1. Would you mind working out the magnitude of the charge dipole of the range 86-173 relative to its Cα centre, with +1 at each Lys and Arg C-beta and -1 at each Asp and Glu C-beta, to the nearest 20 Debye?
2. For the range 2-207, what does the relative contact order come out to in percent, with C-alpha contacts under 8 Å and a separation of six or more?
3. According to the square roots a ≥ b ≥ c of the eigenvalues of the Cα gyration tensor, what is the shape class of the range 2-207, taking rounded for a/c under 1.5, prolate for a/b larger than b/c otherwise, and oblate for the remainder?
4. Determine the sum of side-chain charges near Asp73: Lys and Arg each +1, Asp and Glu each -1, restricted to other residues whose C-beta is under 11 angstrom from that of Asp73.
5. Under a crude label model (7 Å from the Cα following the beta-carbon direction), how far is Ser142 from Ser158 in nanometres?
6. Between Leu62 and Arg187, with labels modelled 7 Å along Cα→Cβ, what's the label distance in nm to one decimal, could you check?
7. Take the residue pairs Lys35/Lys148; Lys66/Lys140; Lys15/Lys66 and return only those whose Cα atoms are more than 29 Å apart.
8. Grab the Cα-Cα distance for Phe122 and Glu109, subtract it from 0.36 nm times how many residues apart they are, and report the gain in nm with one decimal.
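Rule-based calculations on the coordinates, nothing more; no lab input. The structure displayed is predicted, hence computed values, not measured ones. In this analysis, Cβ positions are derived from the backbone assuming ideal geometry, glycine residues included, and neighbour counts consider all displayed protein chains.
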Amino acid sequence: MKIVVVGGHCRNIGKTSVMAELIRGLTPPRWVAVKITQYGHGICSHHGQPCTCEAQEHLFVLTEEKDPDGRADTCRFLAAGAKRSLWLRVRQGELAAALPALQRALHGEVWVMMESNSILGFLKPSLYLFVLDPSRQDFKASARKYLKQADALVSLGSLADANPWPAISNILLTARPTFAVSRQDYRSCQLSAFVRERLGLPARPPDRMDAAAARDSR
């Protein structure tokens, strides 16, 4: 099984958008997309709403999305071309308990892309991409732990200016390939080409728009 993991330094920085564009740009093959959400501090993993139930009630819930036209993140993965889209909601600190169910759901699959940082505590992916937003100063402690494992960085904007995270060593931000994407489309042909090369996938032929742009630039 080939697994690509997409993580990042905090919530709501475009990890889902980056992953959806990767799925779109890396088809074929067709991917199984997995979004992992951890809940805690009184938020229920079953329905994502506040609750006071004990941990034994439901440590995790794993569901499969079927609607490519919906607004949920899992719907976006299907709309981008994923063959399946799964959502694992799990209590903080209980991801290990959910892994057997996830492994069963992924049995027989070859190409899997996951949105998560914490999954790196349990598996070594074929490729780990780390999304950064220089406009957001929040940098979770758990994300700091995994940053050094990243094969490449995906930056929403330029990282060429001063380091926005003083606690993060500049070496960690410069010692690996970095691909900039815009908040308009989160697309990078260079990133897709990098992932294809690292996974041993054949280069994708340029589509008509890319070919026309190449001709115009000559």
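1. Roughly 300 debye, rounded to the nearest 20.
2. This gives 27 percent for the range 2-207.
3. Oblate.
4. Net charge in that neighbourhood comes out at +2.
5. The answer from the label model is 3.4 nm.
6. 3.4
7. Lys66/Lys140
8. Answer, rounded to one decimal: 2.9 nm.
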